[in-house]
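**Student:** Handing you this structure, nothing more for now.
Nothing in this text is a laboratory measurement; each read-out follows from the coordinates by a stated rule. Here the structure is a predicted model, which means the values were calculated and not measured. Note that each Cβ is placed from the backbone with ideal geometry, even for glycine, and that neighbours are counted across all protein chains shown.
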Amino acid sequence: MLDGFGRSIDYLRISVTDRCNLRCRYCMPEGGVEWLPHDQILRFEDILRLSRIFARLGVRRVRLTGGEPLVRRGLPELVAGLRAIPGIREVALTTNGILLSQQLPALLEAGLTGVNLSLDTLNEDTFRRITRREGVGRTLGALDTCLAAGVPVKVNCVPIAPEEELLELAALARDKPIPVRFIELMPIGLGKELHGRSEGELRALLESAYGPLTPYSGRLGSGPSRYWTLPGFQGQIGFISALSHQFCHQCNRVRLTATGFLKTCLQYDRGVWLRPLLSGSDGELEAAIGAAILQKPAAHQFAQAQAQVPGAEGHMMSQIGG
């Protein structure tokens, strides 16, 4: 499936819920948001129907997101259904890990192929300040559970914690055979009110503590992260730097929100509402998806203020499954 700029779109991120058991400062207000009624959320049957159409159009990899996807009941049933779709080769999960250790066996039995764990600090006090909840120990326990089960796992960090804590987090890749990836803070929703760190700042910090970063020659997925190794590290350090190292020309993904909106670019509200079209035929849905993909924007404009960008996204990250 090609967009209007010749990019092959083979990766679909599916948000299964807007709900979350944390309240991360860049994602959700302290008091949370008004949860969507259950009847406004896509049913698993709808997600599977749409995924079959996406697979026919060329999607090969699916990632389940939220909110926090594990707060939605029956997720292994959805994973199993997705893995049964011809053409879908990978079904992965992005999670804060709080509920993962208990649910991982059923998810793996259903065919889950990988896990991304969101973790911004190893310090419990800082974790509480960022997420407004407790739970760093449960996320670290989930990491060890994944490693023991042999499931591919990556740690994702939005670098807003103090520098010494970011170094401690990076050291997970020294002590364990995992990638630790630093994701530049996106100026969407509450993220506009916070200060993140650029890839350049992080590289200087890491090299001052651990030595020179060397490009990693192996392959770890096919997303936008670029990987490096450090002396004595078992794992890798990754950077997802949409602001300082824009990679829109390589973008291969679209997003399906929990309410059934096909979102073609993180910054913009462009796309198509698929939920109202579910009463029609698969052919109508396929045509709507194809037309939206052809209109996928060429690139984001985060260098400009959101208010100056026509059609800029107005929702928070928890609502769009960023």
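**Student:** HN-Hα J couplings of the stretch 84-92 from phi, Karplus 6.51/-1.76/1.60, θ = phi - 60°, integer Hz, Gly and Pro as x?
**Tutor:** Working through the residues one at a time gives 7, 6, x, x, 7, 9, 9, 10, 10 Hz.
**Student:** Another question, if that's okay. About the Cα centre of the chain, how large is the charge dipole given +1 on each Lys and Arg Cβ and -1 on each Asp and Glu Cβ? Please answer in debye to the nearest 20.
**Tutor:** Value, rounded to 20: 680 debye.
**Student:** Which are the unpartnered cysteines of the chain, meaning those with no other cysteine Cβ under 4.7 Å from their Cβ?
**Tutor:** Flagged as lacking a Cys partner: C20, C146, C157, C248, C251, C265.
**Student:** Separate question: HN-Hα J couplings of the stretch 67-76 from phi, Karplus 6.51/-1.76/1.60, θ = phi - 60°, integer Hz, Gly and Pro as x?
**Tutor:** x, 10, x, 6, 7, 8, 5, x, 4, x
**Student:** Using per-residue counts of other Cβ atoms within 10 Å, averaged over each peptide, order 274-286, 225-237 from highest down. Walk me through the numbers on the way to the answer.
**Tutor:** Numbers: 274-286: 13.8, 225-237: 18.3.
Put in order of decreasing packing, that is 225-237, 274-286.
**Student:** How far is helix 100-110 tilted, in degrees, relative to the longest principal axis of the Cα atoms in the chain, given as a value from 0 to 90 rounded to the nearest 10?
**Tutor:** Helix 100-110 and the main axis of the chain meet at about 50 degrees.
**Student:** Only bridges with both residues in the chain count here: give the DSSP antiparallel percent, nearest 5. Intermediate values should be presented prior to the final figure.
**Tutor:** Numbers: 12 of 41 bridges.
Here the antiparallel bridges make up roughly 30 percent for the chain.
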